[in-house]
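S.K.: What follows is a structure written as structure tokens; I'll ask about it next.
The values are calculated or read from the model by the stated rules, or taken from the named source; none is laboratory data. Quantities reported herein were computed from a predicted structural model and do not represent experimental measurements. Note: ideal-geometry Cβ built from the backbone for every residue, glycine included; neighbour counts use all protein chains shown. The accessibility values were calculated without ligands, DNA or RNA, using every heavy atom of the protein model including side chains. Shrake-Rupley method; radii C 1.70, N 1.55, O 1.52, S 1.80 Å.
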Amino acid sequence: MRKQILIVGGGYVGLYTAMGLRKLVRGGEAEVTIADPRGYMTYQPFLAEAAGGAIEPRHMVAPLNRVLPGMRVLTGKITNVDHNERVATFQPVQGRPYEIAYDIVVMAAGSITRGLPIKGLAEHAVGFKTVGEAVHLRNHVLAQLAAAASTDDRDVRRRALTFVVVGGGFAGVEALAEMQGLADNALRYHPAIGRDELTWTLVEATGRILPEIHADLGEWTADALRERGVDIRLNTLLTSAEGGVATMSDGTALDAGTIVWAAGGRPNPLAATSGLPVDKSGRIRATEYLAVEGLADAFAAGDGAAVPDLTDPGAFTAPNAQHAVRQAKLLGRNIVAYVRGRKMKPYKHAYLGSVAGLGHHQGVAQIYRIRLTGFLGWLAHRAYHLAWVPTFNHKAKVLADWTLAMVFRREAVQLVGLEHPETDFHEALAAQPNADRAA
């Protein structure tokens, strides 16, 4: 009898696990269904470069139905998992919800943006976790420059040229660096704006940035950003964003036209609301074999799973892309072994390193014991991530984007209208006389 395998989520874990299950699909041993709200996998380390215009957004996503032939791809949300009955509730993007029966479930819903009850945050800030947010930021930065160049109001100009990024991890640092690179590049088309008029502020709650890498590299990054005019506020919290004014715990208040929230994520609440075993932070409790603790026919990995770190007894693997991809590849093999009644293997990783791109052909990299900064760090950052991009097709497109960016200047056109294409149509209808409408 064919096993019905349901994969909840199409990110790193969902995609790579599904790719590992091809043996079961080809052998007729299983049918695989993968459900994801967007229908594609986003290679998140490239979000910053998409925001900066160095990579075409379409090239950093992998459509699931194209990468996973022979598998059933559903676009929509799994809203509940009843593992006792082996049934999940699925809400498609259109139409009524319905139930999906399964024999084995893979929980790969990952994480969502971690928000805090800060006044004005939802109204005046933008997150940095999706392709849509990256594209929005690119258009927004260019629109702010155009707005500043087109007004004679000093307050409006100052606000438009003030950028605040909250979160000093990889996402926040890379987002700020690439946005600054985009703005510096676009200033040649706005000669009335001086580079020193732009205000860049990075807000970090702890005492250092890039805590995922060696402290020396974090300090080098902070120094490099400060040389580029970035004001780094350590041990500082954003306390309010009301009215678009970024107010901080040190008393600073900046009237900012751009506030980016990149202060980390939290596990998708689906597991907790579905009654699956979770830890205090909401991550699914998993074994070293990537099976859900205490449950048969259930597996989990990635950001939303608390996987024991066998290299550090008592600890759990960090929620990052490196672990997600490597866990997913093992998970695919373990599920094949599970279905065939064979022994599964434990997840034990060897630290490969971490890299960060800082724009302006600068970066930092820690690969094993080797530490690189500046141009060499930037090269290592690109080589490292290119190696992890899924499929040769996407690797080639990303490499082509980088090559063209080295030869030609980035496009500085703002396509804000793409985000609300209905606006012009609605305005045209509103301006049309009633008699014409009736006709």
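S.K.: What is the one condition in (1) without any contact (Cβ under 8 Å) to a residue 12 or more places away in the chain; (2) farther than 30 Å from residue 367 by Cα; (3) exposed (fewer than 15 other Cβ atoms within 10 Å of the Cβ) that residue 226 does not satisfy?
M.R.: (2)
S.K.: Here is a follow-up. From the residues in region 134-163 that are not small (Gly, Ala, Ser) and not in a helix (DSSP H, G or I), which one is surrounded by the most Cβ atoms within 10 Å (Cβ to Cβ)?
M.R.: So in region 134-163, the residues not small (Gly, Ala, Ser) come out as 135-142, 144-145, 151-159, 161-163.
Next, from what is left, pick out any that are not in a helix (DSSP H, G or I): 151-153, 161-163.
Details: 151: 13, 152: 6, 153: 10, 161: 23, 162: 23, 163: 27.
Per the criteria, the residue is 163.
S.K.: I'd like the full set of residues that are within 22 Å of residue 331 (Cα to Cα) and buried (at least 22 other Cβ atoms within 10 Å of the Cβ), limited to region 239-286.
M.R.: 267, 268, 270, 271, 278, 283, 284, 286
S.K.: Further, regarding this structure: State whether one or more residues within region 54-62 are buried (at least 18 other Cβ atoms within 10 Å of the Cβ) and at positive phi.
M.R.: Checking region 54-62: not a single residue is buried (at least 18 other Cβ atoms within 10 Å of the Cβ) and at positive phi.
S.K.: Any idea how many residues of region 312-328 are charged (D, E, K, R) and surrounded by fewer than 17 Cβ atoms within 10 Å (Cβ to Cβ)? Give the derivation first.
M.R.: First pass over region 312-328, keeping only residues charged (D, E, K, R): 312, 326.
Checking the rest, the ones that are also surrounded by fewer than 17 Cβ atoms within 10 Å (Cβ to Cβ) come to 312.
Matching residues across region 312-328 total 1.
S.K.: Give the residue, chosen from 209, 232, 213, that is of a type outside the set (D, E, K, R), within 23 Å of the chain's Cα centre (by Cα) and assigned to a strand (DSSP E or B). Steps first, answer last, please.
M.R.: Values: 209 fails: assigned to a strand (DSSP E or B); 213 fails: assigned to a strand (DSSP E or B).
Result: 232 is the single residue among 209, 232, 213 that is of a type outside the set (D, E, K, R), within 23 Å of the chain's Cα centre (by Cα) and assigned to a strand (DSSP E or B).
S.K.: Determine which member of the set 24, 68, 6, 15 is in contact with a Ser or Thr (Cβ under 6 Å, 6 or more places away or on another chain) and either more than 30 Å from residue 360 (Cβ to Cβ) or surrounded by fewer than 17 Cβ atoms within 10 Å (Cβ to Cβ) (or both). Talk me through it step by step, then tell me what you get.
M.R.: Details: 24 fails: in contact with a Ser or Thr (Cβ under 6 Å, 6 or more places away or on another chain); 68 fails: in contact with a Ser or Thr (Cβ under 6 Å, 6 or more places away or on another chain); 15 fails: in contact with a Ser or Thr (Cβ under 6 Å, 6 or more places away or on another chain).
6 is the lone residue from the list that is in contact with a Ser or Thr (Cβ under 6 Å, 6 or more places away or on another chain) and either more than 30 Å from residue 360 (Cβ to Cβ) or surrounded by fewer than 17 Cβ atoms within 10 Å (Cβ to Cβ) (or both).
S.K.: Of all residues being open to solvent by 40 Å² or more (accessible area, probe 1.4 Å) and part of a helix (DSSP H, G or I) in region 172-195, which is farthest from residue 220 (Cα to Cα)? Just the residue, please.
M.R.: Filtering region 172-195 for residues that are open to solvent by 40 Å² or more (accessible area, probe 1.4 Å) and part of a helix (DSSP H, G or I), the one farthest from residue 220 (Cα to Cα) comes out as 189.
S.K.: So, restricting to strands (runs of 3 or more DSSP E) that lie completely within region 277-391, which ones have at least 1 residues that are closer than 24 Å to residue 111 by Cβ?
M.R.: Output list reads 298-300, 353-357, 363-367.
S.K.: Further question on the same structure: Restricting to region 44-78, what's the tally of residues that are among the small types (Gly, Ala, Ser), over 17 Å from residue 390 (Cβ atoms) and in a strand (DSSP E or B)?
M.R.: Selection size over region 44-78: 1.
S.K.: Is there a residue in region 345-358 that is modelled with pLDDT of 95 or more, closer than 28 Å to residue 24 by Cα and open to solvent by 60 Å² or more (accessible area, probe 1.4 Å)?
M.R.: yes
S.K.: Out of (1) surrounded by 12 or more Cβ atoms within 10 Å (Cβ to Cβ); (2) assigned to a loop (DSSP other than H, G, I, E, B), the odd one out for residue 95 is which?
M.R.: That leaves (1) as the condition not met.
S.K.: Could you give me the residue pairs with C-beta distances under 7 Å whose first residue belongs to region 127-155 and is within 16 Å of residue 192 (Cα to Cα) and hydroxyl-bearing (Ser, Thr, Tyr), whose second residue is at pLDDT 95 or above and crowded, with 17+ Cβ neighbours inside 10 Å wherever it lies, and which are 6+ apart or on separate chains?
M.R.: 151/157
S.K.: Also: Under the condition of being under 23 Å from residue 322 (Cα atoms) and open to solvent by 10 Å² or more (accessible area, probe 1.4 Å), which residue from region 44-53 is nearest to the chain's Cα centre (by Cα)?
M.R.: It comes out as 44.
S.K.: Test of understanding: among 47, 6, which residue is modelled with pLDDT under 95, at negative phi and not charged (D, E, K, R)? First the steps, then the outcome.
M.R.: On the way: 6 fails: modelled with pLDDT under 95.
Step by step, each of 47, 6 is checked, and only 47 is modelled with pLDDT under 95, at negative phi and not charged (D, E, K, R).
S.K.: Please pick out the residue among 221, 236, 206 that is in contact with a Leu (Cβ under 8 Å, 6 or more places away or on another chain) and open to solvent by less than 60 Å² (accessible area, probe 1.4 Å). Working first, answer last.
M.R.: On the way: 236 fails: in contact with a Leu (Cβ under 8 Å, 6 or more places away or on another chain); 206 fails: open to solvent by less than 60 Å² (accessible area, probe 1.4 Å).
The unique qualifying residue is 221.
S.K.: Just for region 287-304: of the residues that are in contact (Cβ under 8 Å) with a residue 40 or more places away in the chain and over 15 Å from residue 346 (Cα atoms), which one is most open to solvent (accessible area, probe 1.4 Å)?
M.R.: 295
This table checks each residue for (1) surrounded by 15 or more Cβ atoms within 10 Å (Cβ to Cβ); (2) at pLDDT 95 or above; (3) on the phi > 0 side of the Ramachandran plot.
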| residue | (1), (2), (3) |
| --- | --- |
| 106 | yes, yes, no |
| 113 | yes, no, no |
| 116 | no, no, no |
| 127 | yes, no, no |
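S.K.: Do we have residue 179 as at pLDDT 95 or above and not β-branched (Val, Ile, Thr) here? Full working, then the answer.
M.R.: Values: at pLDDT 95 or above: no; not β-branched (Val, Ile, Thr): yes.
In short, no.
S.K.: Among the residues in region 27-38, are any open to solvent by 10 Å² or more (accessible area, probe 1.4 Å) and assigned to a helix (DSSP H, G or I)? Let's see the steps before the verdict.
M.R.: Our first condition is that a residue be open to solvent by 10 Å² or more (accessible area, probe 1.4 Å); within region 27-38, this holds for 27-29, 31, 33, 36-38.
Then keep just the ones that are assigned to a helix (DSSP H, G or I); that gives none.
No; the residues of region 27-38 include none that is open to solvent by 10 Å² or more (accessible area, probe 1.4 Å) and assigned to a helix (DSSP H, G or I).
S.K.: A follow-up question, please. Which condition from (1) part of a helix (DSSP H, G or I); (2) under 22 Å from residue 335 (Cβ atoms); (3) in contact (Cβ under 8 Å) with a residue 60 or more places away in the chain is the one that residue 81 breaks?
M.R.: With respect to (1) part of a helix (DSSP H, G or I); (2) under 22 Å from residue 335 (Cβ atoms); (3) in contact (Cβ under 8 Å) with a residue 60 or more places away in the chain, residue 81 is out only on (1).
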